[in-house]
Amino acid sequence: MKKILAILLAGVLTATAFAGCGGGNNSKGGASPFGDEKDVTLKVWAPDAAVELTKSQVEAFKEKYKDSGVNFNIEVVAQGENEAATLIVTDPDEAADVFGFPSDQLNRLMAAQVLTKVGSKYAKTLSEEGDNQNAEATIKAATFTVEGEEGLYAYPETNDNGYYLVYDNTVVKDPSTIEGVLSDCKAAGKTFVMDAGNGFYSCVFAFTGGAKIDGFEEDGETQKFTEYNEDEVVQTLMAFAKLMKTYKGTFISNDVASISTGFTNKKVGAGIDGPWDTAANKKALGEKMGAAKLPTVDVNGTPKQMVGLFGYKYIGVNSHTKYPKSAARLAEFLTSKDAQIERANQVNWGPANLAAVTELGDDPVLAALKEQSKPENSVPQVNISGTLWTSFGTLGSEMYKDSWNPDDQAATLALFKRIIANIRDE
Amino acid sequence: MIKSYKFRRGLANGIIYLILGVMCIIWVLPFAYLVLHSFRLDGAPVGNGYILPRQFTFRNYIDLFSGTSSNADVQASLYFPRWFLNTLVVAACSCVISTLSVLMVSYTFSRLRFGIRKTLMNIAMILGMFPGFMTMIAMYYLLKIMGLNGQLVSLVLCYSCGAGLGFQISKGFFDTIPRALDEAATIDGATKNQIFWKIILPMSKPIVVYTVLTSFIGPWTDFILAKIIMGDKFNNYTVAIGLQKMIDINFKTTYYQQFLAGSVVVAVPITLLFLKMQKYYVEGVTAGGVKG
Amino acid sequence: MTYVEYKQLNPLQRFAFNFKKFFKNLPGALSRFFKGLGLAIVHFFVGIGKGFKNYGTTFVKGDWATKLSYFVFGAGDFHKGKYYKGILFFLVEVLYVLFMVFFGGKQMYLLPSLGFLKQQQLEDEYGDTYVVQGHNSMQILLYATLTIVVTIVVFAIYISNIKDAYRHQVMRANGEKPTGLKEDAKEFLDGKYHITLLSFPILMISIFNILPLIFMILIAFTNYDGDKHNVLFDWVGMQNFGNLLNVIDNARKARTFFGIAGWTLIWAVAATFSNYILGLIVALMINKKGIKLKGVFRTMFVITIAVPQFVSLLLMSQILAEHDGAFNMLLAHFNGGVNPHVNFLGGQPWVARLTVIIVNCWVGIPYTILSMSGILMNIPEDLYESARIDGASPVQAFTKITLPYMIFVTTPQLITQFVGNINNFNVIFLLTGGKPDNANYFNAGYTDILVTWLYNLSMGQEKDYGLASAIGILVFVICATLSLIIYNNSKSMKDEEAFS
């Protein structure tokens, strides 16, 4: 009954909406990119690091459209991307009209229906060859099918949201194997930092063993995994646990913030960190900073590539915005090739725009990230169940405990099975 | 005999002094650590690798109040002086309203007799036991209907609305004031209203101070509800959310020492106030507690 | 035992007597409580029945103006010359009708389904998307709750309007004149003073405590989870409670609930008694005769109370941190310079649990000291005097007088502290955040207590408001029953008029 009512009413509403809209546009005649929006007030969220830059880009946007006859009043508010989804989901009316967010929030934002679909014409240019083309993975991740219709729901902004190995190149000579990195650190009396108790980083242990996530099951909320060999995963986990034990005192599980601090006071030799700390690490190490993709780990004699999460950042348009056209134009502008290049130059964000990538050339960190983004080295940070973070966090912190026996195959298997069950909420 | 008794008493007192001394050190040491590190010079945030700072500076405090950071490349949007002022205003307003409601409710329950009095008292007692997180989102949307979301007024409302439920201690205090006083006044023709303002209140200094103190501190410590209500309106943050923001994952690396300095700035005035009012606080809690 | 016999007992015996009495009476108190609850419910329905009867008879006996009051608020009062009240009543009716037409009616209509329209995203001819918003179940539920509360209040006003009309009709028949505004106002400062004093607090509490509370209780019967704020969700009946209490399948949520409930209880007992006993000892030491610098000592402890908890607890968690925490570095000094890296807050479960209890002492003892000091000073000096005359040693005086007196006087505080510790969010949340993780739990760790788990479920990564509300209700029922029984059987409640 409820469903029938819903369909009926939705149908009527759609019809009236179409009628109303068509009429409205006809009377206006012209195809202004802003429709009939005249006095536009928009709020933009950008993380603190990019506020100044975004402000100047907004000015450029106003400059570009100064002849359109639209009166813009655009405010840029500093808002950490990690909280964007929480805030906008709590009250979309008060949230920003245009906002930046990382790819793992896509599902939450879609579930709360706060993202506006990118107009199909423009969306096409984002995936076709040309100056607007973005990395395929970034487009694919933000493409959703709602009520049978496929569409792109966010504008790709960066293709760099992953972690890599950052090291002091006077300490670590060969960054290609984790055993080498650890022994170099130990020899120099320094530590290697990885936040093993945090699911964002400790998922590496399971991913490397082959248990990678692969979107959702049919129900749209249970995490799906690629097919994996349980024994292989367990052997890999045991290899990691053994490393932690062998290099106890060198392999430190700690907050990533302690990496740049450790570089400054010369206690840390290497760590697994991401672009969000690049500036701090560069400042601490200067010329001595080295960056590389994640190293390999030795599992019973064979080196295996460590596999990390790798995500993207997007700019989204709030579906509750009062000025959808202006917001869309602004989002388009903020994710254009030039804007992405500007961002790479000023705040070290790796662009998603392919032309921008070519134009920028090689920076060691961006090169490491590019290497890391390859499918054999990473798992896309999309379609992630909320249960994943704490569960993988538990996996890492259990293995890191002093009391954990790295040779206990049965216990490792039991723990792994438990973790997978928790992630899948079984 | 007497000598040995004296000796024994002296020994006992000595041991007690020793224990108390050690305990005081344990209790105060963390705060000494806080204060010392708030003056620390080097940029290292967490895990500095030593207990005592090596070099001291006022820079953290200067940065805190100028809203900049000398060791950050990118400036976060921190407005500590503004937040401090916000909190002060909210705390002052809500403590006036809270104190009034508490006194009104506790006087009513202590002195006036009416039909549903016991029922109301029972309801009031258990209402406060509901864990509040779930109601916060409802409060937010209620404030939104009133058009108050994101404004300081809404914080004042939220902090003082439930104050009436905490009447037990001051009711206990009012219960100890002899009823004969009221009766005498009634015979002289005083109304209940006059008794409340002219007789009971002047005698209730300890409990008034106690209520003022406890309700004044609330706004300085809440970081959950205030965050929900304020959202992205940094201008209207209170110090608690602000300090919480400084040790957020994005800012911890650069703002940790400012967080320490900010904590000291928040703690000092409240501590001073508390020390000054301690006597009344004890009197209030004792008088109310014996019966409550 | 008679009163005289009781008075002849020494304090310790009195305490033992009361203590025994309390537990002997507990089953009786429990049964009385539920009997009372049952009676109250029966009374409630009988009252409603009576109300209906009165409603009918008043209509039959009323004159035309009273009868009109059944449809137009305040008509009776206005007719009898009580103009201001009549106008006020009428205003209420007008406002209510407006409220229902423009706001409440729609919410009530949508309440049973919680809305059905989904959001639509369509494209106009220029390739731009426009959005047609759908229904928002959360707002429907909240606003419907608001409508219901308003309706109940207006209904009460409606009934009092009828009663008032009839009262004035009777008064006129008896030849009395209605009181004027001035006299009524005076009455509100004296005879009806409780209404004046309570109306403002009750209004505030109704809006910001009771209304959200009803909303929260209703949520426990829906499948509202974190990201469904602005979209649709549905009624699911008792499913959330089923998940929580489903012990038979040993489902993860049930396992977590009982596991955490057990630890919450242990935590509350340990935290309450450790604070109480240690606080009492310190208070005794400070207040011992012959100890000087009492004020200084007390002040030192008071600092902990004055510093906001989120500062002092975050500081503590920083100091106890595994790698570069000050405490581990201090231990290194005694360990030959080798940092032991003890993980106090996230390592072995029992270490973390012990640590939170100990840190809680650091936070809580000062409160105990303050309140105990006051009470200690209040012990009647003549008790000690007579003990000394009877030849009691200081130790005897302590065990026979001080201790029983303290325990007797502070029992109610002990209970409030116990309930407070069950809901002690700050210590756990700021110190360990629930760590160490527990792979067997749903969204919780070893040190999580019920409220912090509730926080994870309502504000954390993986949200489930429905489940959180169900937990909230269960916690509430347990706490409320316990404290109502204890409070209503406590001496202070029974002897309320003792001092008067």
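The values are calculated or read from the model by the stated rules, or taken from the named source; none is laboratory data. Keep in mind the model is a prediction, meaning the values are calculated, not measured. All Cβ positions, even for glycine, are placed from backbone atoms using ideal geometry, and neighbour counts span all protein chains on display.
Kindly check whether there is at least one residue in the stretch A:311-328 that is within 12 Å of another protein chain (Cβ to nearest Cβ) and in contact with a Gly (Cβ under 6 Å, 6 or more places away or on another chain).
yes
If we keep just the residues of the stretch A:98-137 that are buried (at least 24 other Cβ atoms within 10 Å of the Cβ) and under 23 Å from A:K374 (Cα atoms), which is farthest from the other protein chains (Cβ to nearest Cβ)?
Just the residues of the stretch A:98-137 that are buried (at least 24 other Cβ atoms within 10 Å of the Cβ), to begin with: A:98-101, A:103, A:105-106, A:109, A:113-118, A:134.
Next cut, under 23 Å from A:K374 (Cα atoms) only: A:101, A:103, A:105-106, A:134.
Values: A:F101: 13, A:S103: 16, A:Q105: 10, A:L106: 12, A:N134: 18 Å.
Among those that are buried (at least 24 other Cβ atoms within 10 Å of the Cβ) and under 23 Å from A:K374 (Cα atoms), it is A:N134.
Only one of C:F188, C:F221, C:F233 is farther than 30 Å from B:F196 by Cα, of a type in the set (F, W, Y) and either facing chain B (nearest Cβ under 10 Å) or under 23 Å from the mean Cα position of the chain (by Cα) (or both); which?
Numbers: C:F188 fails: farther than 30 Å from B:F196 by Cα; C:F233 fails: either facing chain B (nearest Cβ under 10 Å) or under 23 Å from the mean Cα position of the chain (by Cα) (or both).
Step by step, each of C:F188, C:F221, C:F233 is checked, and only C:F221 is farther than 30 Å from B:F196 by Cα, of a type in the set (F, W, Y) and either facing chain B (nearest Cβ under 10 Å) or under 23 Å from the mean Cα position of the chain (by Cα) (or both).
So is C:I260 within 14 Å of chain B (Cβ to nearest Cβ), farther than 30 Å from B:F196 by Cα, buried (at least 16 other Cβ atoms within 10 Å of the Cβ) and modelled with pLDDT of 90 or more or not?
Numbers: within 14 Å of chain B (Cβ to nearest Cβ): yes; farther than 30 Å from B:F196 by Cα: yes; buried (at least 16 other Cβ atoms within 10 Å of the Cβ): yes; modelled with pLDDT of 90 or more: yes.
For C:I260, the condition - within 14 Å of chain B (Cβ to nearest Cβ), farther than 30 Å from B:F196 by Cα, buried (at least 16 other Cβ atoms within 10 Å of the Cβ) and modelled with pLDDT of 90 or more - is met.
Starting from the stretch B:146-173, take each residue that is over 21 Å from A:A95 (Cβ atoms) and list its partners that are not in a helix (DSSP H, G or I), counting only C-beta distances under 6 angstrom and pairs at least six apart or across chains.
B:L165/B:G128; B:Q168/B:G292; B:I169/B:G292; B:G172/B:G292
Of all the residues that make up the stretch C:440-468, how many are within 14 Å of C:T256 (Cα to Cα) and either of a type in the set (A, V, I, L, M) or in contact with a strand residue (DSSP E or B) (Cβ under 7 Å, 6 or more places away or on another chain) (or both)?
Restricting attention to the stretch C:440-468, the residues satisfying the condition of being within 14 Å of C:T256 (Cα to Cα) are C:440-454, C:456-457, C:467-468.
So of that shortlist, the ones also either of a type in the set (A, V, I, L, M) or in contact with a strand residue (DSSP E or B) (Cβ under 7 Å, 6 or more places away or on another chain) (or both) come out as C:444-445, C:449-451, C:454, C:457, C:467-468.
So the count comes out to 9.
Kindly establish whether C:T368 is part of a helix (DSSP H, G or I), within 11 Å of chain B (Cβ to nearest Cβ) and of a type outside the set (D, E, K, R). Walk me through it before giving the result.
Numbers: part of a helix (DSSP H, G or I): yes; within 11 Å of chain B (Cβ to nearest Cβ): yes; of a type outside the set (D, E, K, R): yes.
In short, yes.
Could you list, in sequence order, all residues of the stretch C:267-303 that are more than 7 Å from chain B (Cβ to nearest Cβ), of a type outside the set (V, I, T) and free of Cβ contacts under 8 Å to residues at least 40 places away in the same chain?
C:F273, C:K289, C:K292, C:L293, C:K294, C:G295
Here are some residues: C:L142, C:L122. Which one is within 14 Å of chain A (Cβ to nearest Cβ), within 30 Å of A:E37 (Cα to Cα) and not in a loop (DSSP other than H, G, I, E, B)? Outline the logic, then answer.
Working: C:L142 fails: within 30 Å of A:E37 (Cα to Cα).
Within the list C:L142, C:L122, the selection yields C:L122.
Assess whether C:A165 counts as being crowded, with 18+ Cβ neighbours inside 10 Å, within 14 Å of chain B (Cβ to nearest Cβ), among the hydrophobic types (A, V, I, L, M, F, W, C) and touching a residue at least 12 places away in the same chain (Cβ under 8 Å). Full working, then the answer.
Numbers: crowded, with 18+ Cβ neighbours inside 10 Å: yes; within 14 Å of chain B (Cβ to nearest Cβ): no; among the hydrophobic types (A, V, I, L, M, F, W, C): yes; touching a residue at least 12 places away in the same chain (Cβ under 8 Å): yes.
Criteria not met by C:A165.
I'm checking my understanding of the structure. Among residues of the stretch C:451-466 that are more than 8 Å from every other protein chain (Cβ to nearest Cβ) and not charged (D, E, K, R), which one is nearest to C:I214 (Cα to Cα)? Before the answer, list the steps.
Going through the stretch C:451-466, the residues more than 8 Å from every other protein chain (Cβ to nearest Cβ) turn out to be C:452-453, C:456-457, C:460, C:464, C:466.
Checking which are not charged (D, E, K, R) leaves us with C:452-453, C:456-457, C:460, C:466.
Details: C:T452: 21, C:W453: 21, C:N456: 21, C:L457: 19, C:G460: 23, C:G466: 13 Å.
This residue is C:G466.
Residues in the stretch C:315-324 that are over 15 Å from B:A32 (Cα atoms) and either more than 7 Å from chain B (Cβ to nearest Cβ) or polar (S, T, N, Q) (or both): how many? Reasoning before the result, please.
Start the filter on the stretch C:315-324 by keeping residues that are over 15 Å from B:A32 (Cα atoms), which leaves C:317, C:320-324.
Then drop every residue that is not either more than 7 Å from chain B (Cβ to nearest Cβ) or polar (S, T, N, Q) (or both), which leaves C:317, C:320-322.
Selection size over the stretch C:315-324: 4.
B:Q151 versus (1) more than 9 Å from every other protein chain (Cβ to nearest Cβ); (2) surrounded by 24 or more Cβ atoms within 10 Å (Cβ to Cβ); (3) touching a Leu at 6+ places or on another chain (Cβ under 9 Å): which is the lone unmet condition?
Here B:Q151 meets the rest and fails (2).
Does B:S263 meet the test of being within 21 Å of C:T299 (Cβ to Cβ), assigned by TED's automatic domain parsing to the domain that holds B:L103 and either surrounded by 20 or more Cβ atoms within 10 Å (Cβ to Cβ) or touching a Cys at 6+ places or on another chain (Cβ under 8 Å) (or both)?
On the way: within 21 Å of C:T299 (Cβ to Cβ): yes; assigned by TED's automatic domain parsing to the domain that holds B:L103: yes; either surrounded by 20 or more Cβ atoms within 10 Å (Cβ to Cβ) or touching a Cys at 6+ places or on another chain (Cβ under 8 Å) (or both): yes.
Taking the combined requirement at face value, the residue satisfies it.
Which residues, counting only those in the stretch B:189-241, are part of a helix (DSSP H, G or I) and of a type in the set (K, R)? Lay out the reasoning, then the answer.
Here is the first cut: in the stretch B:189-241, the residues part of a helix (DSSP H, G or I) are B:192-203, B:205-221, B:225-230, B:234-236, B:239-241.
B:K192, B:K198, B:K205, B:K227, listed by residue number.
Select from the stretch A:378-388 the residues that are assigned to a helix (DSSP H, G or I) and at pLDDT below 85 and list them in ascending order. Can you show your working first?
Of the stretch A:378-388, the ones assigned to a helix (DSSP H, G or I) are A:387-388.
Passing the criteria: only A:T387.
The conditions are (1) aliphatic (A, V, I, L, M); (2) assigned by TED's automatic domain parsing to the domain that holds C:K182; (3) in a loop (DSSP other than H, G, I, E, B), and C:M204 fails exactly one of them. Which is it?
Exception for C:M204: condition (3).
Could you tell me whether any residue of the stretch B:181-193 is out of contact with any strand residue (DSSP E or B) (no Cβ under 7 Å at 6 or more places or on another chain) and surrounded by 22 or more Cβ atoms within 10 Å (Cβ to Cβ)? Walk me through it before giving the result.
The first filter runs over the stretch B:181-193 and keeps only residues out of contact with any strand residue (DSSP E or B) (no Cβ under 7 Å at 6 or more places or on another chain), leaving B:181-193.
Still in the running and surrounded by 22 or more Cβ atoms within 10 Å (Cβ to Cβ): B:192.
For the stretch B:181-193, residues out of contact with any strand residue (DSSP E or B) (no Cβ under 7 Å at 6 or more places or on another chain) and surrounded by 22 or more Cβ atoms within 10 Å (Cβ to Cβ): present.
Among A:T125, A:T145, which is among the polar types (S, T, N, Q), outside the structural domain of A:T261 (by TED's automatic domain parsing) and assigned to a strand (DSSP E or B)?
Working: A:T125 fails: assigned to a strand (DSSP E or B).
Matching residue, one of A:T125, A:T145: A:T145.
Can you tell me which residues in the stretch B:221-236 are in contact (Cβ under 8 Å) with a residue 40 or more places away in the chain and either in contact with a Pro (Cβ under 6 Å, 6 or more places away or on another chain) or away from chain C (no Cβ under 14 Å) (or both)?
Applying the first criterion (in contact (Cβ under 8 Å) with a residue 40 or more places away in the chain) to the stretch B:221-236 yields B:222, B:224-226, B:228-231, B:233-236.
Hits for the stretch B:221-236 are B:M230, B:K233, B:F234, B:N235, B:N236.
Yes or no, residue by residue, for (1) within 14 Å of chain C (Cβ to nearest Cβ); (2) touching a Ser or Thr at 6+ places or on another chain (Cβ under 9 Å); (3) of a type in the set (V, I, T); (4) touching a residue at least 12 places away in the same chain (Cβ under 8 Å):
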{"position": "A:W349", "(1), (2), (3), (4)": "no, yes, no, yes"}
{"position": "A:L354", "(1), (2), (3), (4)": "no, no, no, yes"}
{"position": "A:D362", "(1), (2), (3), (4)": "no, no, no, no"}
{"position": "A:S373", "(1), (2), (3), (4)": "no, no, no, yes"}
{"position": "A:V382", "(1), (2), (3), (4)": "no, yes, yes, yes"}
{"position": "A:T394", "(1), (2), (3), (4)": "yes, yes, yes, yes"}
{"position": "A:S397", "(1), (2), (3), (4)": "yes, yes, no, yes"}
{"position": "A:F416", "(1), (2), (3), (4)": "yes, no, no, yes"}
{"position": "A:R424", "(1), (2), (3), (4)": "yes, yes, no, yes"}
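Of all residues in the stretch A:213-262 being of a type in the set (V, I, T) and more than 23 Å from A:R418 (Cβ to Cβ), which is surrounded by the fewest Cβ atoms within 10 Å (Cβ to Cβ)?
Start the filter on the stretch A:213-262 by keeping residues that are of a type in the set (V, I, T), which leaves A:213, A:222, A:226, A:233-234, A:236, A:246, A:250, A:252, A:256, A:259, A:261.
If we keep only those that are more than 23 Å from A:R418 (Cβ to Cβ) too, we end up with A:246, A:250, A:252, A:256, A:259, A:261.
Working: A:T246: 14, A:T250: 23, A:I252: 28, A:V256: 25, A:I259: 27, A:T261: 27.
Checking each candidate, the answer is A:T246.
Quickly run through the stretch A:333-342 and pick out the residues that are out of contact with any Lys or Arg (no Cβ under 9 Å at 6 or more places or on another chain) and over 21 Å from A:D104 (Cα atoms).
A:S336, A:K337, A:D338, A:A339, A:I341, A:E342
So in the stretch B:123-134, with the set limited to residues that are more than 17 Å from C:L203 (Cα to Cα) and within 7 Å of chain C (Cβ to nearest Cβ), which one is surrounded by the most Cβ atoms within 10 Å (Cβ to Cβ)? Can you show your working first?
The initial filter retains those residues of the stretch B:123-134 that are more than 17 Å from C:L203 (Cα to Cα), namely B:126, B:129-134.
Now drop any that are not within 7 Å of chain C (Cβ to nearest Cβ), which leaves B:126, B:129-131, B:133-134.
On the way: B:I126: 18, B:M129: 20, B:F130: 22, B:P131: 24, B:F133: 24, B:M134: 26.
Filtering first and then ranking leaves B:M134.
Residue-wise test of (1) closer than 18 Å to B:G172 by Cα; (2) of a type in the set (D, E, K, R); (3) not in a helix (DSSP H, G or I).
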site: C:I375; (1), (2), (3): yes, no, no
site: C:G391; (1), (2), (3): no, no, yes
site: C:V395; (1), (2), (3): no, no, no
site: C:T399; (1), (2), (3): no, no, no
site: C:T402; (1), (2), (3): no, no, no
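Are any residues in the stretch A:38-97 more than 10 Å from chain B (Cβ to nearest Cβ) and part of a loop (DSSP other than H, G, I, E, B), and if so, which ones?
A:K38, A:Y65, A:G69, A:V70, A:P92, A:D97
Provide a single number: the residues in the stretch B:67-92 that are at pLDDT below 80 and in a helix (DSSP H, G or I).
0
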